[in-house]
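S.K.: Below is the structure I would like to discuss, written out as structure tokens.
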Amino acid sequence: MSHVNPNPLPLVFEQPKGRGKPPRHLADLDLAARKEAVEAIGLPGYRAKQLSTHYFTRLVSDPAEMTDLPAGIRDQLVEGLMPHLITPVKTQTADRGTTRKTLWKLFDGALVESVLMRYPDRATICVSSQAGCGMACPFCATGQGGLQRNMSTGEIIEQVVDGARAMARGEIPGGPGRLSNVVFMGMGEPMANYNAVIGAVRRMVDDGPEGLGMSARNITVSTVGLVPRIKQLTGEGIPVTLALSLHAPDDELRDDLVPINTRFKVEEAVEAAWEYARTTKRRVSIEYAMIKDINDQAWRADMLGDLLRSYGDWGWVHVNLIPLNPTPGSIWTASDPADEREFVRRLEAKGIPTTVRDTRGQEIDGACGQLAAADA
Ligand code: SAH
């Protein structure tokens, strides 16, 4: 990665050595760069726009369907700009087919997962941004295996396009529909793969045929709180929704639950999130996994409420409680419903809007923190 490493833990931010890069894909490039790439393989630049329309607007990757392009150049274009990046290895469904988890194999054999969830009013895809994760949060399945590598923009977008295609073609019960939301809550820490993630966000929000034409507010970037990257995101001028995985209002506990907290403290992370809300006018989401007898005490709810309230009561924040999805071998379990209700009550008493996340796809290990992608 090109940016300066602000962190003393080198592996957290750097691509592990000895790994090749995924082949270049249309989705890695903006339209101008696509023109250059098309010209570089000896074809006129305007073909870039035609190919982009197939991929981003029609969601077509099969050369046989690109009938407006001369047969002789279709394969050349697809080989040059649309290499095969992700291959489905296994799909599992739950919730009567409206939740679908896919295990993907990348070009180098690395495995990642994505989860498509259809609701009455929207369809959301939860995408991975890294193979594995270097953040080592002890309650998260992905965190246990360490980081394998960063994903490319193309590899991230391919997950989104697959979800958009499944919706458009009516593969998910409920008839043909549109993919409306993307959450970076699959495997990986998106802010540790900043450039590729921002590239992917740009491809999602750019109008067709340059991009998918999605609304930035329907894209959520979730982070452990890499403060320099949150600040950088604040300056991008793309009003995505920011989610901060806080999980504890105090440094003592958060040092254990989210180890990067030893580098970026609760107050710094919350302040960066508040600054993000102030600048973008987007309400920030505080993610809080409810872990029985660990972080779910009533006094911690008060402490969290006071902390968030200290930045003002202009609706800059809401709290999203996630019942812990126990990972294999974990000694931790989800909070008791009564404790969860009390936690919500105390936050709301301090004026903090609070929701409890529904845990879709739990039985197919597709819910938050369950993505491990180890078995094919
Ligand atoms: N690295 C990003 C994205 C991770 S997954 C981040 O940390 O924000 C999205 C959310 O699921 C995060 O809030 C994460 O802390 C949470 N999560 C991880 N493991 C979980 C588990 N076992 N149960 C419930 N939530 C979990």
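We did not get these values from a lab; they are worked out from the coordinates using the rules stated. Note that the structure is predicted; figures quoted are calculated from it, not measured. In this analysis, Cβ positions are derived from the backbone assuming ideal geometry, glycine residues included, and neighbour counts consider all displayed protein chains.
S.K.: Can you run the Rg to Rh ratio on segment 226-290? Use alpha carbon positions and the Kirkwood inverse-distance Rh.
M.R.: 0.97
S.K.: Rounded to the nearest 500, what is the 222 nm mean residue ellipticity of the chain from helices alone, with -39500 (n - 2.57) per DSSP H run of 4+ residues and division by all residues?
M.R.: That comes out to -9000 deg cm²/dmol.
S.K.: Which of the peptides 321-333, 137-149, 181-193 is most tightly packed, and how do the rest follow, going by the mean number of other Cβ atoms within 10 Å of each residue?
M.R.: 181-193, 137-149, 321-333
S.K.: P(r) of segment 26-81 in 5 Å steps, Cα pairs, percent per bin?
M.R.: 4, 22, 37, 26, 10, 0
S.K.: Now a separate question. Among V356, T67, F56, pick out the residue whose Cα is farthest towards the positive end of the charge dipole of the chain, where Lys and Arg carry +1 and Asp and Glu carry -1 on C-beta, about the Cα centre.
M.R.: Among V356, T67, F56, the one farthest towards the positive end of the dipole of the chain is T67.
S.K.: Okay, next question. Quick one: divide the alpha-carbon radius of gyration of segment 254-313 by 2.2 N^0.38 Å and tell me what you get. Please list the in-between numbers first.
M.R.: Values: Rg = 12.5 Å, N = 60, 2.2 N^0.38 = 10.4 Å.
In units of the globular-protein estimate, segment 254-313 measures up at 1.20.
S.K.: Determine ³J(HN,Hα), in whole Hz, for all residues of segment 246-258 in sequence, where each value follows from phi through the Karplus function 6.51 cos²θ - 1.76 cosθ + 1.60 and θ = phi - 60°; x replaces Gly and Pro.
M.R.: 8, 6, 7, x, 10, 4, 4, 6, 5, 3, 7, 6, 10
S.K.: Let me ask something else. What are the semi-axes of the equivalent ellipsoid for the chain, taken as the square roots of 5 times the Cα gyration tensor eigenvalues, largest first, in whole Å?
M.R.: The equivalent ellipsoid of the chain has semi-axes of 36, 21, 20 Å.
S.K.: When the Cα centres of segment 25-78 and segment 153-216 are compared, how far apart do they sit, in Å?
M.R.: Value for the Cα centre distance between the two parts: 19 Å.
S.K.: Which of the residue pairs K49/K105; K281/K350; K21/K101; K49/K281 have a Cα-Cα distance greater than 27 Å in the structure shown?
M.R.: K49/K105; K49/K281
S.K.: Helix 337-349 versus the longest principal axis of the chain: what is the Cα-based angle in degrees, 0 to 90, to the nearest 10?
M.R.: Approximately 90 degrees, to the nearest ten.
S.K.: Using 1/(1 + (r/R0)^6) with R0 = 35 angstrom and r between the beta carbons of A64 and R178, what's the FRET efficiency to the nearest 0.05?
M.R.: So, using R0 = 35 Å, E works out to roughly 0.90.
S.K.: Another question, if that's okay. If a cysteine in the chain has no other Cys Cβ under 4.7 Å from its own Cβ, put it on the list, ordered by number.
M.R.: Cysteines lacking a close Cβ partner in the chain: C126, C133, C368.
S.K.: Still on this model: Need the full-extension length gain, R341 to K292, defined as separation in residues times 0.36 nm minus the C-alpha distance. One decimal, nm.
M.R.: That works out to 16.4 nm of additional length.
S.K.: Tell me, what HN-Hα J-couplings in whole Hz come from the Karplus equation 6.51 cos²θ - 1.76 cosθ + 1.60 at θ = phi - 60° for each residue of segment 143-154, using x for Gly and Pro?
M.R.: For segment 143-154, the Karplus curve yields x, 6, x, x, 8, 8, 6, 6, 8, 7, 4, x Hz.
S.K.: Determine the dipole magnitude for segment 238-376: charges of +1 sit on the beta-carbon of Lys and Arg, -1 on that of Asp and Glu, nothing else is charged, the reference point is the Cα centre, and the result goes in debye to the nearest 20.
M.R.: Result for segment 238-376 is approximately 620 debye, rounded to the nearest 20.
S.K.: Now for a separate question. Compute, for the chain, the length of the dipole vector about the Cα centre, with Cβ point charges of +1 (Lys, Arg) and -1 (Asp, Glu) only. Units Debye, rounded to 20.
M.R.: It works out to roughly 820 debye.
S.K.: Over the chain, what relative contact order in percent results from Cα pairs under 8 Å that are six or more residues apart?
M.R.: Relative contact order of the chain: 15 percent.
S.K.: What is the ratio of the Cα radius of gyration of segment 96-162 to 2.2 N^0.38 Å, where N is its residue count, to two decimals? Intermediate values should be presented prior to the final figure.
M.R.: Numbers: Rg = 13.0 Å, N = 67, 2.2 N^0.38 = 10.9 Å.
Against the empirical 2.2 N^0.38 Å value, I get 1.20 for segment 96-162.
S.K.: Could you run the Karplus curve 6.51 cos²θ - 1.76 cosθ + 1.60 with θ = phi - 60° over segment 26-31 and give me ³J(HN,Hα) per residue in whole Hz, x for Gly and Pro?
M.R.: Each residue of segment 26-31 in turn: 2, 6, 6, 10, 7, 4 Hz.
S.K.: Compute, for segment 26-81, the length of the dipole vector about the Cα centre, with Cβ point charges of +1 (Lys, Arg) and -1 (Asp, Glu) only. Units Debye, rounded to 20.
M.R.: The calculation lands at about 180 debye.
S.K.: Hey, another quick one. On a C-alpha basis, how far is the centre of segment 293-332 from the centre of segment 86-129 in Å? Whole number, if you could?
M.R.: Computed from Cα coordinates, the inter-centre distance equals 28 Å.
S.K.: Which residues' amide hydrogens lie under 5 Å from the amide hydrogen of V89, considering only partners 5 or more residues apart or on another chain, with H built in the peptide plane?
M.R.: Amide H to amide H, under 5 Å and 5 or more residues apart or across chains, V89 pairs with L103, W104, K105.
S.K.: Another question about this same structure. What is the ratio of the Cα radius of gyration of segment 157-304 to 2.2 N^0.38 Å, with N the residue count, to two decimals? Let's see the in-between values first.
M.R.: Details: Rg = 17.1 Å, N = 148, 2.2 N^0.38 = 14.7 Å.
This ratio for segment 157-304 stands at 1.16.
S.K.: Which angle between 0 and 90 degrees, to the nearest 10, do you get for helix 71-81 versus the longest principal axis of the chain when only C-alpha atoms count?
M.R.: For helix 71-81, the angle is close to 30 degrees.
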